[in-house]
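Where a number appears in this text, it was derived from the coordinates with a stated rule and is not lab data. All of these numbers come straight from a predicted model, not from anything done at the bench. Methodologically, a virtual Cβ is constructed for each residue, glycine included, from the backbone with ideal geometry; neighbour enumeration extends over all protein chains shown.
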Amino acid sequence: MSFNNGTSQTSHFWPILIMALGTFTLGLTEFASMSMLPLIAASFDVTPSMAGNVISGYAIGVVIGAPLFMLLTNKTNRRTSLILFVMMMFVANGLSAIATSLPEMVFYRVLSGLPHGAYFGTALLVASDMAPKGKRASFMSKVFMGLTIATIVGVPMATLVGQAMSWRVCMGIVAALALITAVLIYFVVPSSPVKTPTRLREEFGVLKNKLVWSISGIIFVGFGGVFCIYTYLADTIINVTEAPEVTISIAMMMFGIGTTIGNWVCGRLADKSPIATTGIALLCSVGIAVMYVFAASNIYWLYVTVFCLGASVGLAAVIQSMLLDVSPTGHAMIGALVQCAFNTANAIGPMIGGTLLATGATFNETGYASALLFLGGLVMWALSYMQLRQKQQPRPVCTNPNPTCG
C-alpha cells in the first residue's frame with residue numbers, strides 16, 4: 001500500500017509509535033548495558049575494560065547482521081521483516097539474561113545485535129514512505145525518538161533495577177518488551193510490501209558512490225566520540241566525580257533528554273539544510289568532549305556536559321536522510337550501512353577509550369579521545385560538503401559551435 005495517497009496525519013501516529021517502541025527496546029538493550037557495565041564486571045569478576053567487550057560484541061553483531069538481513073529481506077513485506085527482527089531480539093536478550101560467563105555473555109550480545117541494524121533500517125524506510133514531501137527527515141526522527149526516550153526513561157530505570165536487583169532482570173525485561181512489540185507490530189503496523197525490489201547488483205552498486213562513503217564516514221568516525229565517553233560514564237561518576245550511585249541514573253537521564261531534544265531540533269533543521277546542521281553539530285561536539293574532561297570534577301557540570309553530548313546523537317536520522325537523498329536506489333543497503341557505521345562507532349569508541357585507560361589514564365580523560373573522534377567526523381563532513389558543492393555547481397552552457405567547447 002502507499003502511505004502518501006490520502007492518508008491522514010492520525011493514520012501515521014500509531015504505526016510510527018509502535019515502530020518507535022521497537023527502537024525503544026533496541027535503545028534499552030544497547031545503552032542500558034553500558035550504564036550497568038560496573039555491575040556486569042563485578043558479576044563476572046573482570047576489569048571494566050574487559051567487560052567493555054560486552055558492548056563491542058553487541059556492535060559487532062549489528063555490523064554483521066545489518067547488511068545480511070537487510071539484503072536477505074529485500075523482497076519481503078517490511079512488516080513481516082520487522083516482526084522477524086523483534087522476535088530475534090526476544091530470543092537473544094532472553095539468553096543474555098542467563099549467561100554464566102563473560103565469553104558466553106559476549107556471544108549472546110553478538111546475537112542480540114544481529115537484528116538491531118536491520119530493524120532500524122527497515123523501520124526508517126517504512127517511515128520514509130509514510131512521509132509527505134519535504135518531511136522525510138522529521139518523520140524518520142519520530143521513529144528514532146523511541147531510542148531517545150529509552151535513554152531518558154528506560155536506561156535510568158534499568159540502571160536502578162540493576163543496582164537494586166540484577167542486570168539479568170533488566171535483560172529479561174528487554175526480552176519481554178521485544179515480544180510485546182512483535183504482537184503490536186502484527187496488529188497495528190499496516191502491511192508494507194516492497195514496491196520495486198532492487199537487484200543485489202543495484203544494492204551493492206551504492207557502495208561505488210564516494211559521497212555515500214564520506215557521509216557514512218561521519219558516523220563511522222565521529223559517533224565513536226559519543227560511545228567513547230558514554231561507555232565509561234558510570235565509572236567516571238564513581239571513580240572521578242565520586243558521587244553517589246544514584247547520580248548515574250540522573251546522568252543517564254540527562255543524556256536521554258539531550259538526545260530527545262537534539263533529535264527533534266536536528267530533524268526540524270535538517271528538513272531545511274541537513275549538511276549545515278551536521279557540520280555545526282559536529283563542531284560543537286568537539287568542544288563538548290574536551291569540556292567533559294574538566295566537568296567530571298563537579299556532578300552538576302557533568303550533567304550539563306552529558307546533556308550536550310546526548311544532543312549530538314540526534315544527527316543519526318539526519319545523516320540517513322542525507323544518504324537517501326544522494327542515492328536514489330539501494331535504500332536497503334543504505335539502511336544497513338548506516339547501522340553498520342553507527343555500531344562500528346559503538347565498537348571503536350569503547351575500544352579506544354579502553355586502550356587509553358589501559359595506559360593509566362583516568363576515566364574522564366576519555367573525553368580527549370572522544371574529541372579526536374568527533375574531529376575525524378568533522379573531516380569526513382568537510383569531504384562530503386565539498387563533494388556536494390561540486391555536484392550542485394551548474395555546468396557551463398556551451399554556445400560555441402566549436403566541437404572542442406566544454
Exercise for review: Kindly state, to the nearest 0.05, the FRET efficiency for Thr47 paired with Ile280, given R0 = 35 Å and r defined as their beta-carbon distance.
Suggested key: 0.35
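Can you give me the relative contact order of region 10-387 as a percent, contacts being Cα pairs under 8 Å and 6 or more apart?
Relative contact order for region 10-387 comes out at 28 percent.
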Revision key, fill the gap. Among Gln392, Gln163, Gln320, the residue with the largest mean-square fluctuation in a Gaussian network model of the chain built from Cα contacts under 10 Å is Gln392
Check your understanding: Applying 1/(1 + (r/R0)^6) with R0 = 41 Å to the Cβ-Cβ distance of Ser191 and Ile64, what FRET efficiency is obtained, to the nearest 0.05?
Key -> 0.90
Exercise for review: Would you mind telling me which residue in Pro132, Pro15, Pro67 has the biggest mean-square fluctuation in a Gaussian network model of the chain, where springs connect alpha carbons within a distance under 10 angstrom?
Suggested key: Pro132
Exercise for review: Would you mind computing the Rg to Rh ratio of the chain from its alpha-carbon coordinates, Kirkwood style for Rh?
Suggested key: 0.99
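Using only the alpha carbons of region 301-363, what is the convex hull's orientation-averaged projected area in square nanometres? If you can, show how the numbers build up before the last one.
Details: hull surface 21.5 nm².
Across all orientations, region 301-363 yields a mean hull projection of 5.4 nm².
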Study note, to complete from the structure: Taking a crude spin-label model, label points 7 Å out from Cα along the C-beta direction, the Arg389 to Arg268 distance in nm is 2.9
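Residue separation times 0.36 nm, minus the C-alpha to C-alpha distance between Asn77 and Thr355: what's the value?
Working: separation 278, 0.36 × 278 = 100.08 nm, distance 4.32 nm.
Gain on stretching Asn77 to Thr355: 95.8 nm.
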Exercise for review: Using Cα centres only, tell me the gap between region 336-392 and region 42-95 in whole Å.
Suggested key: 22
Practice item. May I ask you to compute the full-extension gain from Ala164 to Lys133, defined as 0.36 nm times their residue separation minus their alpha-carbon distance, rounded to one decimal in nm? Key: 6.4 nm
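Would you order Arg268, Arg79, Arg389, Arg168 from fewest to most other beta-carbon atoms within 10 Å of each residue's own beta-carbon? Please report the intermediate quantities before stating the final value.
Working: Arg268 13, Arg79 20, Arg389 10, Arg168 17.
Listing Arg268, Arg79, Arg389, Arg168 from fewest to most nearby Cβ atoms yields Arg389, Arg268, Arg168, Arg79.
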Review point. Do the sum for the chain: with -39,500 (n - 2.57) for every DSSP H run of n ≥ 4, divided by all residues, what is the mean residue ellipticity at 222 nm, to the nearest 500 deg cm²/dmol?
Key: -25000 deg cm²/dmol
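Determine, for Thr359, Thr80, Thr260, the number of other Cβ atoms within 10 Å of each Cβ, and report the residues in order from fewest to most.
Listed from fewest to most nearby Cβ atoms, that is Thr359, Thr80, Thr260.
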Revision key, fill the gap. Cross-link reach from Lys195 to aspartates and glutamates, straight Cα distance under 14 Å and at least 8 residues apart if same chain, gives Asp129
Exercise for review: Rank Ser96, Ser327, Ser11 by mean-square fluctuation in a GNM of the chain with C-alpha springs under 10 angstrom and give only the top-ranked residue.
Suggested key: Ser11
Check your understanding: Lys210: which lysines have alpha carbons under 21 Å from its alpha carbon, excluding same-chain residues fewer than 8 sequence positions away?
Key -> Lys391
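Arrange the following residues from fewest to most other Cβ atoms within 10 Å of their Cβ: Cys284, Cys340.
Result, fewest neighbours first: Cys284, Cys340.
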Check your understanding: On a 0 to 90 degree scale, rounded to 10, what angle separates helix 155-164 from the longest Cα axis of the chain?
Key -> 20
Review point. What list of whole percents do you get for P(r) of region 5-84, with Cα-Cα distances grouped in 5 Å bins up to the one holding the largest distance?
Key: 3, 12, 15, 16, 16, 13, 10, 8, 4, 2, 1, 0
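Starting from the Cα-Cα distance between Ile180 and Phe294, subtract it from 0.36 nm times their residue separation and give me the gain in nm to one decimal. Please list the in-between numbers first.
Values: separation 114, 0.36 × 114 = 41.04 nm, distance 4.28 nm.
Extra length available between Ile180 and Phe294 comes to 36.8 nm.
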